[in-house]
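Everything below concerns the one structure shown next.
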Amino acid sequence: MDYKVDLRDIKFQVFEWLDTAKLLEREQFADWDAENVEMVIDEALKIAQEQLAVCNEDGDRVGAQFKDGVVTMPESFHSAYKTVAENGWIGLLASPEYGGMGLPEIVGTVVNEFFSGANVALSLTLMLTRGAGAMIEFFGDEKSKNLFLEKLYSGEWGGTMCLTEPQAGSDVGASRTKAVKQDDGSYLITGEKIFITSGDQNITDNVVHLVLARTPGAPVGTKGLSLFIVPKVWVNDDGSLGDSNDVVTSNIEEKMGIHGSPTCALVFGGQEKCRGILLGEELQGMKLMFHMMNAARIEVGLQGASIAGATHQQALAYARERLQSRSYKELKNPEAPQVPIIEHPDVRRMLLTSKGYVEAMRALLMQTSYYHDLYLTSEGDEAKHYKQFVEVLTPICKAWCSEWGLQTSHTCLQVYGGYGFTKEYPAEQYMRDVEISTIYEGTNGIQALDFVARKLPMAGGAPIKELLGMAEKTFNKAKSDPELMEPAWLLAGGLKQIETISKELMKRPDGIQLLLINAQPMLDMVGTCLGAHFLLDQAMLAKTKLAAILGEAGVGVEDKKAYKAFLLDNAEAAFYHNKVQTAIHFCYRALPTVPAKAAAIRSGEKAALYAVL
Ligand SMILES: Cc1cc2nc3c(=O)[nH]c(=O)nc-3n(C[C@H](O)[C@H](O)[C@H](O)COP(=O)(O)OP(=O)(O)OC[C@H]3O[C@@H](n4cnc5c(N)ncnc54)[C@H](O)[C@@H]3O)c2cc1C
């Protein structure tokens, strides 16, 4: 399977739309400038295409296996993983002190788009290893940092996050895994975790689990949880590998997709010999784990967006090749030849709608990463300000991008007709692989509840107000452009609906019930308006750039024939032209769902609570 991505759009968003060059002027990124960041991006794409994509289909067909207590990853994954690890890609964002590259999050977002789009099953192992490393880098003591960080960032050891138990899925506070402090300061861990991604594999020499567990007498719920580093093989004080640490894989799941990724049930301390090292302080586990979960939530949203981006590019290529039916301009001519399906208006609609969602999701994720970088490189109130933006945007990144990643992948599969349903083309694997992004890292239902219950009212509602205020500014700018005026008014209408529906719900006696029933549509309304705001903002920039190219070439848009011929001949002009058309299309197609959803919420309809289910 090859991997295709719209690199031009990525570079536009990173270097033209967002001021990444300015971000790189910050002290923390002193080693980097726009030129070498661009080289990193090009190199990452090469690795994604040459290493990860080529084993994506094989990973799906062979799958991770479990036999005689041993988990094996598809053979073809081994060399791809090693190449990625040896070239330092796991430590992309990590501190150079521990072997990392110290790049900003926004670059990580680009690289992860490539890696997840090329092979999401294998990139999960990379993501969790990077995540476990970041947790130890932020919260570990010097000893833990020295023992684990270089091994994780170099990919010699893998990492996991272990929250879920049979009775504790969304309800993490119901976890029962126990941790009892021993005389030597370590903790005896006993319990069972399920659904653990890369919980075991045969690529790395060791697996470093981050395990949530409950100490004796700890309060019930999430407040009673502490976090532990639990290596599969104990690590001696000199860094060498010691004895097996009594972590046993009892099974792996048979799944709908991501077959190459082992999803493991783990038994800790079946022989009462499993030792853990406390990370941070006792009872701080959930607070710390949120650090990893929030990063993972953005990455899972990115998985949705990246798979949608890849499947869109594949569908586009297929539509240019596949001949079927006469052109709509030749309907009365039975002798007319079949044309590539990309000429049929309905196929073009599917492709442009998909393109719009892919670019809107990318923009949301890029913008959130950019705020994250500003937060990490600021201090005091400024840091707090950007942190709040990231916190509000995190559930939207996760839920909106995974939901629309799934829907977009479906639309792209439809472009293929019957061939989309076969294994001859990659669309069916992408469809099966993208589904999980709506479920893990907290289901999209749980994300929506987090959004309406915690993130909307956060800091008295100031961060969401400010974020939507920026969308309002985009409307004010775009409304004076005759081409963008109507789409801009659709955005204004959507923003008004969000504002009024929130106020109305607060005043209603059944407001809480309505909020709980409608959390998902409310998150979607905000995600859609933000997507439209970003695309309109990008369209205005694209118009300026296009005007400059046309001016230089002496081409006017009034002469439609000459303009069209120019676009066919000039890829840059065509790119900017398409940015404008994509934004217009997205606004007309996506924004009308906002008032429709608001009307359903406003009606106060609660049949879901009254129905006998
Ligand atoms: C392939 C895969 C990989 C995974 N990897 C990991 C991993 O590496 N580490 C890890 O710890 N976990 C992992 N998980 C677990 C995953 O995070 C959970 O499956 C997920 O959080 C949902 O938990 P659950 O499956 O128990 O569903 P449940 O919690 O039983 O939820 C079932 C349904 O009820 C809804 N629901 C539950 N509570 C509420 C509520 N209060 N209000 C409204 N709706 C509610 C949910 O939204 C969902 O629709 C993985 C799962 C899978 C399938």
Within segment 257-267, can one find any residue that is under 24 Å from PHE139 (Cα atoms) and either under 30 Å from the mean Cα position of the chain (by Cα) or among the small types (Gly, Ala, Ser) (or both)?
no
Write out, first by first residue and then by second, each pair whose Cβ atoms fall under 8 Å of each other, whose residues are 6+ apart or on separate chains, and whose first residue, in segment 570-598, is more than 30 Å from VAL555 (Cβ to Cβ) while the second is surrounded by fewer than 23 Cβ atoms within 10 Å (Cβ to Cβ) and hydroxyl-bearing (Ser, Thr, Tyr).
ALA598/THR500
Among the residues of segment 155-171, is there at least one that is hydroxyl-bearing (Ser, Thr, Tyr), touching an Asp or Glu at 6+ places or on another chain (Cβ under 8 Å) and either at pLDDT below 95 or crowded, with 23+ Cβ neighbours inside 10 Å (or both)?
no
From the set of residues in segment 188-243 that are away from the ligand (no atom under 16 Å from the Cβ) and hydroxyl-bearing (Ser, Thr, Tyr), which is farthest from ASP171 (Cα to Cα)?
SER240
Only one of (1) part of a helix (DSSP H, G or I); (2) under 30 Å from ILE341 (Cα atoms) is not met by LYS423, so which one is it?
(1)
Give the residues of segment 345-386 that are among the basic types (Lys, Arg) and over 27 Å from TYR416 (Cα atoms), sorted by residue number.
LYS384
Take segment 122-172 and flag every residue that is near the ligand (Cβ under 10 Å from one of its atoms) and without any contact (Cβ under 8 Å) to a residue 40 or more places away in the chain.
THR164, GLU165, PRO166, GLN167, ALA168, GLY169, ASP171
Restricting to segment 81-140, name every residue that is within 29 Å of SER226 (Cα to Cα) and acidic (Asp, Glu).
GLU97, GLU105, GLU137
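Residues that are surrounded by 20 or more Cβ atoms within 10 Å (Cβ to Cβ): list the helices (runs of 4 or more DSSP H) wholly contained in segment 518-613 that include at least 3 such residues.
519-553, 571-590, 593-602
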Across segment 174-208, what is the total count of residues that are part of a strand (DSSP E or B) and closer than 25 Å to GLY257 by Cα?
8
In this structure, does LEU352 turn out to be in contact (Cβ under 8 Å) with a residue 12 or more places away in the chain, outside any strand (DSSP E or B), in contact with a Lys or Arg (Cβ under 9 Å, 6 or more places away or on another chain) and of a type outside the set (Lys, Arg)?
yes
Within segment 441-494, track down each residue that is within 16 Å of the ligand (Cβ to nearest atom) and free of Cβ contacts under 8 Å to residues at least 60 places away in the same chain.
ASP450, ARG454
Those residues of segment 278-301 which are more than 16 Å from the ligand (Cβ to nearest atom) and buried (at least 20 other Cβ atoms within 10 Å of the Cβ), in sequence order
LEU278
Being within 16 Å of the ligand (Cβ to nearest atom) and surrounded by fewer than 20 Cβ atoms within 10 Å (Cβ to Cβ) is the filter here, so list the residues in segment 173-187 that pass it.
GLY173, ALA174, ARG176
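Given the criteria among the β-branched types (Val, Ile, Thr), more than 19 Å from PHE77 (Cβ to Cβ) and surrounded by fewer than 24 Cβ atoms within 10 Å (Cβ to Cβ), does VAL107 qualify?
no
The values are calculated or read from the model by the stated rules, or taken from the named source; none is laboratory data. Keep in mind it's a predicted model, so treat the numbers as computed, not measured. Virtual Cβ from ideal backbone geometry, glycine too; neighbours counted across all protein chains shown.
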